[in-house]
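Asker: Mind having a look at this structure? Questions to follow.
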Amino acid sequence: MTKNIIILFGPPAAGKGTQANVLISKLGIPQISTGDMFREMAKAETPEQIAALTESQRTVKNIMASGGLVDDETVNSLIKDRVAQEDCKNGYLLDGFPRTRNQAEVLDKMLASTNDSIKFIINMNVDDEELIKRVENRRQEIINSGNQPREDDNPKVFKEKRLNVYREQTVPVLEYYNDTAPDGVLFTIDAMESIDNVTKKIEDIISG
Ligand code: AMP
């Protein structure tokens, strides 16, 4: 049976995680969010928890807070281990990976070695103004619920770093897939609409 391997691609705060959450229960495959995995790995809020982090955990935490990218080798090995787990045997939904051309190439090689391939790449288009609005809303909702917002959802980090990192390091992934993905794999959708409408567009693509 061919695996259901789907990539949700797009800028930060485009709604990849939100859509992944809806889709996984319908598709019966797990969501693999490298951002969630790194947040879990480097979870520490109090000074005591921060002091207890290992050096590599602290490095990840600092990179994330600054809006930069974790190094490819670390990310690629995390993915390799994750997709080898039992729950990924029928497929998985990638959210936030690949984020560099190297990651995309390593993923292709890894899949080729097991005769697997990417079934769909959904590129979610959202303009910068809307992304900034979405990240500000997300931050405010978390504060209103009495929790700590993500350090990298700070408006300055978002506008000055994360959007630039996306343009410079992640957009080349799209160019790579434009050049290499077989017909019927890469789809671009307007993801500026409501959550339900965007879900519908993705479902229409996936169900062919
Ligand atoms: P996300 O939750 O997808 O916005 O990811 C949050 C942060 O985790 C990113 O800004 C990066 O610092 C790190 N991260 C997540 N996925 C990757 C990846 N594929 N490559 C490098 N860094 C990543």
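The values are calculated or read from the model by the stated rules, or taken from the named source; none is laboratory data. Quick caveat, the model's predicted, so the values are computed rather than measured. FYI the Cβ positions are ideal-geometry reconstructions off the backbone, even for glycines, and counts take in every protein chain you see. Note: areas computed on protein heavy atoms with side chains; ligands, DNA, RNA excluded. Shrake-Rupley method; radii C 1.70, N 1.55, O 1.52, S 1.80 Å.
Asker: Scanning the range 36-72 for residues that are among the charged types (D, E, K, R) and over 19 Å from the mean Cα position of the chain (by Cα), which turns out least open to solvent (accessible area, probe 1.4 Å)?
Answerer: Start the filter on the range 36-72 by keeping residues that are among the charged types (D, E, K, R), which leaves 36, 39-40, 43, 45, 48, 55, 58, 61, 71-72.
If we keep only those that are over 19 Å from the mean Cα position of the chain (by Cα) too, we end up with 45, 48, 55, 58.
On the way: GLU45: 122, GLU48: 132, GLU55: 152, ARG58: 91 Å².
Taking the candidates together, the pick is ARG58.
Asker: Moving to a separate point now. Among the candidates THR114, THR100, single out the residue that is among the β-branched types (Val, Ile, Thr), surrounded by fewer than 19 Cβ atoms within 10 Å (Cβ to Cβ) and closer than 24 Å to ASP72 by Cα.
Answerer: Matching residue, one of THR114, THR100: THR114.
Asker: Report yes if GLU73 is at pLDDT 95 or above and within 25 Å of THR188 (Cβ to Cβ), otherwise no.
Answerer: Spelling it out, it is not the case that GLU73 is at pLDDT 95 or above and within 25 Å of THR188 (Cβ to Cβ).
Asker: Mind listing whichever residues of the range 88-97 are farther than 10 Å from ILE32 by Cβ and either open to solvent by less than 60 Å² (accessible area, probe 1.4 Å) or within 12 Å of the ligand (Cβ to nearest atom) (or both)?
Answerer: Answer for the range 88-97, where residues must be farther than 10 Å from ILE32 by Cβ and either open to solvent by less than 60 Å² (accessible area, probe 1.4 Å) or within 12 Å of the ligand (Cβ to nearest atom) (or both): just GLY91.
Asker: For the range 43-87, which positions are part of a loop (DSSP other than H, G, I, E, B), more than 9 Å from the ligand (Cβ to nearest atom) and in contact (Cβ under 8 Å) with a residue 24 or more places away in the chain?
Answerer: Hit for the range 43-87 is GLU45, nothing else.
Asker: Next question. For the range 142-183, give me each residue that is open to solvent by less than 50 Å² (accessible area, probe 1.4 Å) and either of a type in the set (Ser, Thr, Tyr) or closer than 27 Å to ILE206 by Cα (or both).
Answerer: TYR166, THR170, VAL171, PRO172, VAL173, LEU174, TYR176, TYR177, ALA181
Asker: How many residues does the range 142-195 contain that are polar (S, T, N, Q) and in a helix (DSSP H, G or I)?
Answerer: Qualifying residue count, the range 142-195: 6.
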